[in-house]
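Laboratory data are not the source of any read-out in this text; all were calculated from the coordinates shown. Note that the structure is a prediction, hence the values are computed from the model and not measured. FYI the Cβ positions are ideal-geometry reconstructions off the backbone, even for glycines, and counts take in every protein chain you see.
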Amino acid sequence: MRQEAQAIVLAAGPGMRMTSLTSHTPKCLLPLGTLPMLCYPLHLLQQAGFSEVSVVVSEGQEQRVGKMVEQYGLKVDLDVAVVSTAHDPGTADSLRQIASKIKRSVEEVVVISSDLVTDVALQDVLDQHRSRGADLTMLTSPTPSLQTTPPGPKSKTHLNSDIICTEAGSGRLVYAVAGGDYDECVTLQSSLLNCAAPLLLSASTQDAHLYVMKRWLFDYVLNKESPCADMGSLKAEILPHIVSCQFTDHSSNDKLGLSGAVEREEWDDLVKKYNSSVVPSRHHSLAHLQPPVCLTFHHPGLCVRANTLHTYWHLNRKINELFNQVYPNSEWQLRHPTAVIHERAQVSEDSVVGGGTVVCEKTNIASSVVGKHCRINPMVRLSASVLGDHVTLASGCVIENSLILASVERKCVIKNCIVTDSNKIEEGKTYSGEVLEATQDFA
């Protein structure tokens, strides 16, 4: 790819909606199949022709992330940027901390979350962005329907859909509210319905957290003189602001009537402040005084963010059938050739076994994911479960519908549980619907 775009993967998030897992492992390194979660957006960018990618990580994770290219056969160079997470920074705060990493020559910036798993053709997104003259393009998709039930205590699992409003036909984004930022009702001004073009208002669509921005808009978002300076969240705060900036009458000071729209006089004032605070460059100038053009690229195919326990579990349970979609043209094998499976062990065709794993005799593995360098001792029964890397299962264990990220070194029965702490396991005990959680934070 020509140096017209730079990609940034946001991987510093603490995973607050899946703390039972992220107290053990950083979210971006949680296994999906036999690969860390971060591999999937990196491979997506690689498929689109990116040879260099900036990855934003939290303190202490730079070495582990930096080794991923060699470990997993990726063909991109990683520029790992470390941000402080002492004050739980939002996505926009993380971008501000690594703003100096953005090369002066690029014309577009692609921002993608490390937890996105999708089979979208990113090149198609870029092509639409360029051909339509967009300043911002947001990837959207239907809110996924999840047929699996995650382990742990029973609870209602509900995926918050975003409220997305677009112009019919053009895909122009005119209104966006993040899921979880509204109750049962959303109030819209009646003037929103008076636009010339028909509008499509959807409550079953998600913002996939993949954005393509023109360089000037990216710089505007990060600039200390812009209204975005005090905004911490790219999705919940900055995106609605940018969308509202579209609706400015270029020939007068009149609003077009959309909620939160920016008046022409206000926009011009923002432009003057912005231009006076940056180094002159064709990439930074807002001299054209045109409000931004925001579009959506709607992808009806696979597009899931593994940012909750439910979606993470769903992707792992389905990874065998989804892998070729989300990781195309790869030599990586889900049943790794270096795995050693005893001839008297039974492993179902839909199970995944990572490299360096040893499966001993008289063991039965059905519809499960087993990570790298695991040891499954004799007479283990493992079904509909997910094991992380370097997990050992003691002889005679019975494990069903469970997520195991720590070794189970004592014979026991585990059903519908999450295990991240080996010390919580007692010999001969039966566990059901529990979270056996790590007591120490990851290093």
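Brief remarks follow.
- Shown is the FRET efficiency for ASP350 and LYS154, computed with R0 = 30 Å from the Cβ-Cβ distance and rounded to the nearest 0.05: 0.70.
- Rel. contact order, % - alpha carbon contacts under 8 angstrom, at least six apart, the stretch 24-127: 33
- Förster radius 30 Å - calculated FRET efficiency between ALA121 and ARG335, Cβ distance, rounded to 0.05: 0.65
- Sorting the segments 423-429, 132-138, 361-367 by their mean number of nearby beta carbons within 10 angstrom, highest to lowest, gives 132-138, 361-367, 423-429.
- Computed log10 I(q)/I(0) for the stretch 290-376 at 0.12, 0.21 Å⁻¹: -0.48, -1.06, from the Debye equation with unit scatterers placed on every C-alpha and solvent omitted.
- For the stretch 1-109, trypsin sites (Lys or Arg not before Pro) meeting the loop criterion (DSSP other than H, G, I, E, B) and having at most 14 other Cβ atoms within 10 Å: ARG2, LYS67, LYS75, LYS103, ARG104.
- What the phi angles of the stretch 385-397 give under the Karplus curve with 6.51, -1.76 and 1.60, with θ = phi - 60°, is a coupling list of 10, 10, 10, x, 6, 6, 9, 10, 10, 5, 4, x, 5 Hz, glycine and proline written as x.
- Protection proxy ranking, highest mean first, for peptides 405-412, 34-41, 215-222: 34-41, 215-222, 405-412, where packing is the per-residue count of other beta-carbon atoms within 10 Å, averaged.
- Between amide H atoms placed 1.01 Å from N, distances below 5 Å from TYR175 occur with CYS165, all of them 5 or more places distant or on a separate chain.
- Exceeding the 26 Å Cα-Cα cut-off - candidates LYS67/LYS154; LYS27/LYS318; LYS235/LYS415: LYS67/LYS154; LYS235/LYS415
- Packing rank of 342-355, 293-306, where each peptide gets the mean count of other beta carbons within 10 Å, highest leading: 293-306, 342-355
- Residues whose placed amide H lies under 5 Å from that of CYS412, excluding near-sequence neighbours: CYS397, VAL398, GLY428
- Local electrostatic count, GLY301, Cβ distance below 13 Å [Lys/Arg +1, Asp/Glu -1]: -2
- All Cα pairs of the stretch 340-436, percent lying beyond 20 Å: 22
- Our estimate of slack between LEU201 and GLN128, defined as 0.36 nm per intervening residue step minus the Cα-Cα distance, is 24.1 nm.
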